[in-house]
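The values are calculated or read from the model by the stated rules, or taken from the named source; none is laboratory data. Every value quoted in this text rests on a predicted model; they were computed, and no experiment measured them. Virtual Cβ from ideal backbone geometry, glycine too; neighbours counted across all protein chains shown. Ligands, DNA and RNA are excluded from the accessible area calculation, which covers all protein heavy atoms including side chains. Shrake-Rupley method; radii C 1.70, N 1.55, O 1.52, S 1.80 Å.
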Amino acid sequence: MFSPNGAKKSPHQSLLLVVLTGGHLFGNCTVIAIAAIATDLKGELNIGAEDYGWLIGVYMIAQGIMAIPGGLLIDYIGARLVFIGSLCLAAVGTAVVAGAIDFWVAFLGMFLVGSGYGLVNPCTSKTVFECFPSKGRATAMGIKQTGVPIGGVLGAMVAGTFVTQYGRTDVLYGFAIIIFAASLTGFLIPGQVKRPTTNILLGMMVVLRDKNLQIFNTAIGIFQASMYAMLSNIAAFAREVLNAEPTWASFCLSIAQASSATGRLGWGALSDLMFAARRKPVLLIIGISGTLCLLTMALFASNWPFYLVLALAVPTGLATAGYVGLTQTITVESADPSLTATAVGSNRIFTSVGAGLGVPFFGSIVDDYGYTPAWTATSLFFAIGTMVIAIAFKENK
């Protein structure tokens with residue numbers, strides 16, 4: 001990796017990348033911790049798979065609500081203050097879920113967590129765009145995005161391991177304290193140097209009227225529906241269909257998350273090094289691979305050995321959850337340089353709607369028909385997103 005002037009990164013830039021990665025790690029750990037203990041949460045709140053899906057769904061929908069106003073806020077006042085506030089809000093939401101005694105309190109908590117994390121992506125993406133050159137940007141974007149699956153691995157492992165001993169409430173209160181402490185690292189993010197010169201509403205319309213960007217956003221929204229359906233249900237699938245122990249089920253989720261961390265770093269590096277910073281060919285490889293993996297998941301039945309699910313979690317996580325660093329690189333490279341956070345916000349609207357509807361839709365199919373049709377539908381979503389990229393999206397060269 002190199003700085004914009006071609007020299008190797010300074011220690012300060014390396015530390016900055018650690019802070020950005022940590023923002024994703026601590027912003028994402030709550031939702032994956034909840035996915036790891038989904039069976040316990042459904043039992044304590046007396047809810048079904050569809051209601052549980054709405055808890056994950058509102059987390060994503062909240063990110064969509066915050067996307068454009070949050071992106072504009074970052075572009076016009078800077079990433080530092082917004083980053084700190086975003087993690088504080090996520091910590092408050094996590095504490096609310098920890099103390100929830102019914103569905104609606106948990107629903108409110110997940111809305112707050114999603115609102116907080118919805119500001120992290122545009123903060124970190126704008127900072128990477130401003131601090132790293134184009135040829136290394138996808139790799140840097142991939143590195144900071146590894147915080148998402150790393151946070152997922154830690155969230156799943158900690159929650160799955162300690163929920164039996166300490167219970168859902170104490171475990172999530174612990175997460176809330178750690179997330180609040182992590183918010184203080186935001187003071188290491190550089191202050192804003194240059195603000196956009198356009199009127200704030202005009203800046204928003206410039207981004208929203210970009211037809212090619214919105215086609216791309218549509219495809220990634222479809223991808224996101226499949227990704228969150230997989231991550232939110234793979235542990236419950238392992239417990240409820242394959243009769244796995246809670247620790248092993250959460251380990252399956254951790255494997256998918258760890259594999260997605262490899263993808264978030266590897267896909268960007270592949271684009272930078274093997275495809276001369278071209279992004280679309282790598283996205284098509286991801287789309288085809290993810291579709292096949294999700295379709296294979298639909299073949300699993302209760303008499304299959306559990307270790308096969310663990311093995312399949314590796315390529316599934318790599319393809320269906322490892323693409324985000326690459327897609328955020330495309331988003332910032334397609335926008336006006338002064339409005340990159342707003343562009344990421346526009347992307348977040350589509351990804352939030354996709355995940356917000358995809359997870360409860362998956363849960364509804366599970367409640368009515370079982371997991372096999374649900375996994376089949378998820379693979380079809382991923383295939384549709386791949387076709388939109390292949391046919392309609394034109395990469396900015």
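Brief remarks follow.
- Top positive-direction residue, dipole computed over the chain with Cβ charges, set 164, 341, 321: 341
- At full extension, residue 161 and residue 307 could sit 50.7 nm farther apart than now, given 0.36 nm per residue minus the alpha carbon distance.
- For peptides 27-34, 170-177, 152-159, 43-50, sequence by mean Cβ density within 10 Å, most packed first: 27-34, 152-159, 170-177, 43-50
- Taking 0.36 nm per residue of sequence separation and removing the Cα-Cα distance, the residue 336/residue 376 pair yields an extension gain of 10.5 nm.
- Distance histogram for segment 85-233 (every C-alpha pair counted, 10 angstrom bins, percent rounded to whole numbers): 9, 28, 36, 20, 6, 0
- Using only side-chain charges placed at the Cβ, +1 for Lys and Arg and -1 for Asp and Glu, the dipole size of the chain relative to its Cα centre rounds to 1560 debye.
- Computed from point charges on the beta carbon alone (+1 for Lys and Arg, -1 for Asp and Glu), the dipole magnitude for segment 112-253 about its Cα centre is near 640 Debye.
- Counting Lys and Arg as +1 and Asp and Glu as -1 over every other residue whose Cβ lies under 14 Å from the Cβ of residue 148, the net charge comes to +3.
- Most mobile listed residue (121, 243, 233) in the chain, GNM with C-alpha springs under 10 Å: 243
- Using R0 = 35 Å, the C-beta based FRET efficiency linking residue 102 and residue 247 works out to 0.80.
- Listed residue (54, 129, 244) projecting farthest to the positive dipole end of the chain, Cβ model: 129
- With contacts taken as Cα pairs under 8 Å and at least 6 residues apart, the chain reaches a relative contact order of 29 percent.
- Taking a Cβ cut-off of under 11 Å around residue 393, the surrounding Lys, Arg, Asp and Glu residues balance to a net charge of +3, with basic ones at +1 and acidic ones at -1.
- Helix runs (DSSP H) in the chain reaching 15 Å along axis by Cα, Kyte-Doolittle at least 0.0: 11-36, 49-77, 79-98, 103-131, 147-183, 211-240, 246-274, 280-297, 306-320, 340-369, 371-392
- Compactness of segment 309-384 was expressed as the Cα radius of gyration divided by 2.2 N^0.38 Å, which yields 1.37.
- Label separation (residue 369 vs residue 288): 2.7 nm, computed from points 7 Å beyond Cα along the C-beta direction.
- Label separation (residue 170 vs residue 12): 4.4 nm, computed from points 7 Å beyond Cα along the C-beta direction.
- Mean residue ellipticity, 222 nm, helices only, the chain: the sum of -39500 (n - 2.57) across DSSP H runs of n ≥ 4, divided by residue count and rounded to 500, is -28500 deg cm²/dmol.
- Signed unit charges on C-beta, dipole axis of the chain, positive-most listed residue 185, 300, 41: 185
- Mean sequence separation of contacting Cα pairs (under 8 Å, at least six apart), scaled by the length of segment 43-140, corresponds to a relative contact order of 37 percent.
- When the alpha carbon gyration tensor of the chain is reduced to an equivalent ellipsoid, its three semi-axes come out at 31, 24, 19 angstrom, largest first.
- If R0 equals 35 Å, the separation of the Cβ atoms of residue 295 and residue 178 corresponds to a calculated FRET efficiency of about 0.40.
- Dividing the mean sequence gap of close Cα pairs (under 8 Å, 6+ apart) by how many residues segment 106-265 holds gives a relative contact order of 44 percent.
- For the chain, accessible area per residue (1.4 Å probe, heavy atoms of protein chains only), Å²: 37 Å²
- For residue 82, net neighbour charge (Lys/Arg +1, Asp/Glu -1) across residues whose Cβ lies under 11 Å away: +1
- Tail fraction, Cα-Cα pairs, segment 229-355, threshold 20 Å, whole percent: 50 percent
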